[in-house]
Structures are given as C-alpha cells and as structure tokens.
Amino acid sequence: MDVSIAIENDATAGALFGPSDVNLRVIRAAFGVRLAARDGVIRLSGDSSGVKKAADAIGILQKTLGNKGDLTESDVEEAIASAAQFEGPDEESGLSVLLPGVKIVPKTPGQKAYITAIKENDLTLCLGPAGSGKTYLAVAVAASFLKRKIIDRIVLARPAVEAGEKLCYLPGDLSAKVNPYLRPLFDALNDMMGIDTIRKLIASDVIEVIPLAFMRGRTLNKSVIILDEAQNTTPSQMLMFLTRLGTDSKMIVTGDDSQSDLTPGQRSGVLDAVKRLEGVKRVGVVRLEKTDIFRHPLVKRIVSAYGDTSQ
C-alpha cells in the first residue's frame, strides 16, 4: 500500500520531521513502513495496516504542531500510541485465555513481535520499560498454552531482591512474606483466569508462583517458566534458572535494566544472558520501547523524564 500526505505548512516541516528527521524515523520504526519526505509530501509504503497507522500518527502530529507550534518527544510517543490503538488491537495475534470471553491482544508492533518470539523460541529474553507488557504478555501466552493443553503447568518466579525494603521484617511465615512481593504476577493471572480458577490451579500445582531461590535443583518439563524482574538477578542466578529448562518447555525472562535493585557495580544476570545468548538458535531477544507502553499515558512521560537515572 502506498499513501502520500501533503505537509500542511511548509514553514513548520522542520518541526514536524524533528532534528535530523528523528520523528519520521521513529514513526517508520514503530509501524515497519518505508517513509520518504520530499517536495512538501510525505510518502509511505508497506503493509496496509502499518501505512494507515503511520499516516494517522503523522496527522495527529500535524494537528498538535498547529495547536502548540512545536513538538516534544512525548508528543511523538503519544501520537504513535494513539495511532496504534486507532484500528483496534490485533485480533489475529490475540491469545485466548482461561477466563471465558477474554482475549489478550498485542497493542503495538513491538508487543506483537514479542508474542511471536515466544511462540517461535524455547527461550525468550525481553527487556523493556515499565508498562510495556513484558510480564503481562508472557503470562497471557502461558495461560493460552495451558488452555490449549500444550503445557501441563505454569511456573512464575521472581528474584528476592527488595526495592529498598526488607522482606525479613514482614510479619508471618515464608508464604506470607513472599506473597505481597509476587503480587504483580497474581494480578496478571487474575485478569486471565479469575480468582477461583487460580486457587484451584495453585492447589493442584498446575500454577506455581515462587521466589527464584526455590528453583534450584529442579527440571521443569512441559511447562512455561517465567522469570520476572530479571534485572535483579546475578549471572550465577541466571545460569541456575536457565538450566531448569526441561523437555517440551518454554522459558521467558523479562526485565527492565533501568530499574535494577542490585548492589551498585554488580552486573545484571539478564544483561549478561543477552550478551552471551543473542544469536543462539532457539533463543529470542526482544527489546520493547517507550512506544510499547500501554498504562496510563503519564507513565510514558515519567519513563522519559527519569531516563537512565533510576539505575
């Protein structure tokens, strides 16, 4: 599909394109289209869905520019997010989960590529900012596989590194101490199964939500095994986790390398794994971006404002 868009105001073309055409490059990458600007016209080509969304994003930016007189990085990100949602989610890539009538769908090209990587590889390493769907989509794939009886169980793990807090001071037994820390995984499960189903599946060991340390010495067959918050693992912990992979299983490792709670100077296990394993057969490496964030619109601005200073 080919589309040509007239630039509404030649005098503001530089602001629309951004320094060194950075805005156009970001739109091109977000929607996987070919894009060229010349003689007051932006020409788009590629698959129909990507071209339409890219055209929508450019239209949104032209309106924003007309209202404000300039564009910020956040304006570009929000235009891309709005355009990505405009045609609705990608139903073809949707995942049927255990909750009746619920289908989890990728909202951006990056999220769609992430789901494809999980399906095509035995191990998928995913890095990305908060709100980009790293954990949520991993749990959705696992729930879909469980529903289709491709696997027998789901194992969800997190490293026991607290974000400035000490679990040992919490009241209760070990289960009471770790359950609040693992709450985000339960929240994702709840959207896809419902509380009663989760309880039954946990009671029957079909679903297991545990601290990473409890993985040592195990081999997990016919399972989807997800390691969340992997930026808080050490390389030795990561090696221990990866070697739990059994037959007919998939592993998904997710992390945000801008939010590590490790001791300063300590290398993150997920970054070490990406460096060692990228390019290895049956290993997928996915990097989600700020344009893949689908929480409250303010989350994107917060991520941009903090940049890499949260290390």
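Filtering the stretch 95-128 to residues that are without any contact (Cβ under 8 Å) to a residue 24 or more places away in the chain and touching a Pro at 6+ places or on another chain (Cβ under 7 Å) leaves VAL105, LYS112. Within the stretch 74-96, one or more residues are outside any helix (DSSP H, G or I), touching a strand residue (DSSP E or B) at 6+ places or on another chain (Cβ under 9 Å) and at pLDDT 85 or above. Taken residue by residue, the stretch 21-44 has at least one member that is in contact (Cβ under 8 Å) with a residue 60 or more places away in the chain and at positive phi.
Here's a check for you: in the stretch 40-71, which residue that is in contact with a Ser or Thr (Cβ under 9 Å, 6 or more places away or on another chain), not in a helix (DSSP H, G or I) and not hydrophobic (A, V, I, L, M, F, W, C) is nearest to PRO19 (Cα to Cα)? This residue is ASP70. Looking at ALA29, ALA13, just one residue is surrounded by 12 or more Cβ atoms within 10 Å (Cβ to Cβ), assigned to a helix (DSSP H, G or I) and under 23 Å from the mean Cα position of the chain (by Cα), and that residue is ALA29. In the set (1) in contact with a Ser or Thr (Cβ under 7 Å, 6 or more places away or on another chain); (2) surrounded by fewer than 23 Cβ atoms within 10 Å (Cβ to Cβ); (3) not in a helix (DSSP H, G or I), SER304 fails one condition alone, (3). Residues in the stretch 103-136 that are of a type in the set (Asp, Glu) and at pLDDT below 95: GLU120 alone.
Conditions tested, residue by residue: (1) under 23 Å from MET238 (Cβ atoms); (2) touching a helix residue (DSSP H, G or I) at 6+ places or on another chain (Cβ under 6 Å); (3) not polar (S, T, N, Q).
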site	(1), (2), (3)
LYS103	no, no, yes
THR108	no, yes, no
ILE118	yes, yes, yes
ASN121	yes, no, no
CYS126	yes, yes, yes
ALA130	yes, no, yes
GLY133	yes, yes, yes
TYR136	yes, yes, yes
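Quick check, is PHE17 aromatic (Phe, Trp, Tyr) and touching a residue at least 24 places away in the same chain (Cβ under 8 Å)? When the stated conditions are applied, PHE17 does not pass them. If the condition is being farther than 25 Å from PRO106 by Cα and either out of contact with any strand residue (DSSP E or B) (no Cβ under 8 Å at 6 or more places or on another chain) or surrounded by fewer than 17 Cβ atoms within 10 Å (Cβ to Cβ) (or both), then the stretch 249-270 contributes SER260, ASP261, LEU262, THR263, PRO264, GLY265, GLN266, ARG267, GLY269. Candidates are the residues of the stretch 113-153 that are in a loop (DSSP other than H, G, I, E, B) and either of a type in the set (Ser, Thr, Tyr) or under 12 Å from the mean Cα position of the chain (by Cα) (or both); the one that is surrounded by the most Cβ atoms within 10 Å (Cβ to Cβ) is SER132. Has the stretch 292-299 got any residue that is of a type in the set (Lys, Arg), modelled with pLDDT of 80 or more and within 21 Å of TYR114 (Cα to Cα)? Within the stretch 292-299, not a single residue is of a type in the set (Lys, Arg), modelled with pLDDT of 80 or more and within 21 Å of TYR114 (Cα to Cα). Note on the stretch 160-256: enclosed helices (runs of 4 or more DSSP H) holding 3 or more residues that are at pLDDT 85 or above and more than 25 Å from VAL285 (Cβ to Cβ) are 183-193, 195-203.
The values are calculated or read from the model by the stated rules, or taken from the named source; none is laboratory data. Since the structure is predicted, the reported quantities are computational estimates derived from the model, not experimental observations. Glycine gets a Cβ as well: all are built from the backbone with ideal geometry, and neighbour counts include every protein chain shown.
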